[in-house]
Every structure is written in C-alpha cells, then in structure tokens.
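Remarks on the structure that follows.
The values are calculated or read from the model by the stated rules, or taken from the named source; none is laboratory data. This is a predicted model, so every value here is computed, not measured. As a convention, Cβ positions derive from the backbone with ideal geometry for all residues, glycine included, and neighbour counts pool all protein chains shown. Protein only, heavy atoms only, side chains kept; ligands, DNA and RNA dropped before computing areas. Shrake-Rupley method; radii C 1.70, N 1.55, O 1.52, S 1.80 Å.
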Amino acid sequence: MAENNDLASGDDILASYHLPSPKPLWLNAVYARHIVRGNFMALSARPPTVDMGEWVAHQVVEHWRMLVTFIRLVHDKDETGHTICNGRTCPKMSAGPNHSFTWLNSRLEPVEIPAYEYLSLVQRYISTKIDDAAVFPNDPTGVSFAPYPGASSSPSSPPNSGGGSGPDWVGRRSGFPQNFLDVCQKIFRQMFRVYAHLYWSHFEDPLYHLGLEKSVNSCFSHFILTATTLDLLGPADLEPMQALVDLWAANGTFPQDSRAYGYANLRAGERLLALAGATTAV
Ligand SMILES: [Zn+2]
C-alpha cells in the first residue's frame, strides 16, 4: 500500500501531464485491463533460433495486422458514407489536448492534416513498405533459422559479423537492406501515433461501445512491450500515452524486468489505480 506522500507525489506527476478533467476513460484502471493471461514477456521475447532481422520483420507485420482491424472501425465508411473519424470529429491527428502529429507534404514540410487523411496515408505508407520486397524480402531462400550469433535482446547494437566483410546491420544475413531497422522504427512510430489517436479520440466510441477495450488494451500493451524491448520506441516517443504506461506498470501488465516498466512513473500509475479503487493486479 502506498504511503500518503507517495500518493501526493503521484498526483504531482499526473498534474505534470496536463491531462483533461475528467480524465479519459482508458486511464480508469477498471477499463485498462486486457485479455492476455500469463507472462507477457514471453510474447515479446525472440526465440533464440530466429534471426533478429526476421524477428523484427515478424513483429512489424503482426502488430500492423492487429492495428489495421482497429483503424477500420473508425476509418471505413458505413452504408451512408459516414466515417467515425472525420474532418469534423478530428480536424487534426491529435493525441489529446497536448499532442498532435504532422505529415510531411511533397516539399517535405510538416503539415497538420485531418486524422482521417493521416490514417489513409499511414495505411498506404506501411502497407507499401511491408509489400516492398526490397525492404521485406519474402523469398523463402533468404530465410534463415540457424542460431543467431548475437546475444543482445536489442537490435540497436548489432553484433559484429562472424567472419563476413564489410559493414554489418540487423537482418543482413537474412537479406534485409541496410536501412531495414530505420524503416521499422518509422513504422513503429507511426503505429504508436495511430494507437495514441485511437485512445484519445475513439476509445469510448466505438471501441468501448463495441466491447473491444480489452482487445485494444491487449494489442497496445503488447505493442509497447515489443517496441521498447526492441528499442524501436524510447521514453520520448511514449509521452502522449505516458499515464497509461504508468498505469500498466503499476497494475502488473508490464513485467518488472521489462524496459516499458523502466520507462514508467510508478507512483503516477499507483495513484491512478487508487483513484479507481483497484489495488490488485489484473
Ligand atoms: Zn479520429
């Protein structure tokens, strides 16, 4: 049980986030639960026999596949041509009152565009990358299931090539291009922005109304764990969703030995748990 001064400092941290009042529904611990039981880390851990490049590629494709199902709920037109996310509901690609995301125009200038348009561009950008055989080579002869020589759990520091010549990079031995990790990082950042917009603008309607809050919580918490474990998202990237990261550290969603847990302000998360009257782990 937290001490009084811990609760007070949790309030201070929460105040520094400048959250709207009342707080969004997804910061109520009762609505922040997920459907996955057992060890979340096991889902995010690379099997030792799988090459890091192939593992990162697999994570990109799997997390994108899950996220697309949520995007469609707000982006697909109904029979009258109406979309839940539109220029009136979401004039900007925002994540709450304090964050909004820009897209680069043809002159590479950052511009604010409506979230609906942003979601169209993100879907085109990511699916084009995943379908590009130069970035994601899908030739089965290029796939290697030999033990990977690197012991690091993070791809940001690729191991020295074992006897090969020239520069080394994550995925090189499986045929991925030198900029592969950069592309994957861009994709993860875009996916994060989409999740952030869905939480801030569309969690209640349609996700909660359709009973999908546990599904999206499962997908997003797994996404955060994976992206931080692979060092594709850092603490600054997580800022628009920091309070939820805090809550998931406090309620046991993020294992204590995970990077995501290390990026959390635990006292803020414990305060959110206390505010909801929930003190037990999910
Ligand atoms: Zn929207």
| Which lysines, on any chain, are close to K186 with Cα under 25 Å apart, when same-chain ones fewer than 8 places away are left out? | K92, K129
| request: Can you pull the one-decimal nm distance between simple spin-label points at D76 and E239, each 7 Å off the Cα toward Cβ? | output: 3.5 nm
| request: Report, ordered by chain and residue number, the aspartates and glutamates lying within cross-link reach of K214, taken as a straight Cα distance under 13 Å and ignoring same-chain residues fewer than 8 apart. | output: E204
| Quick one: how many Å² of V61 are accessible to a 1.4 Å probe, rounded to 10? | 60 Å²
| query | If you stretched the chain out fully between D132 and D231, how much longer would it get, using 0.36 nm times the residue separation minus the C-alpha to C-alpha distance? | reply | 33.3 nm
| Given labels modelled 7 Å from the Cα in the Cβ direction, how far is it in nm from E204 to N105? | 3.4 nm
| Measuring from centroid to centroid over Cα atoms, what is the spacing of the range 44-107 and the range 8-28 in Å? | 25 Å
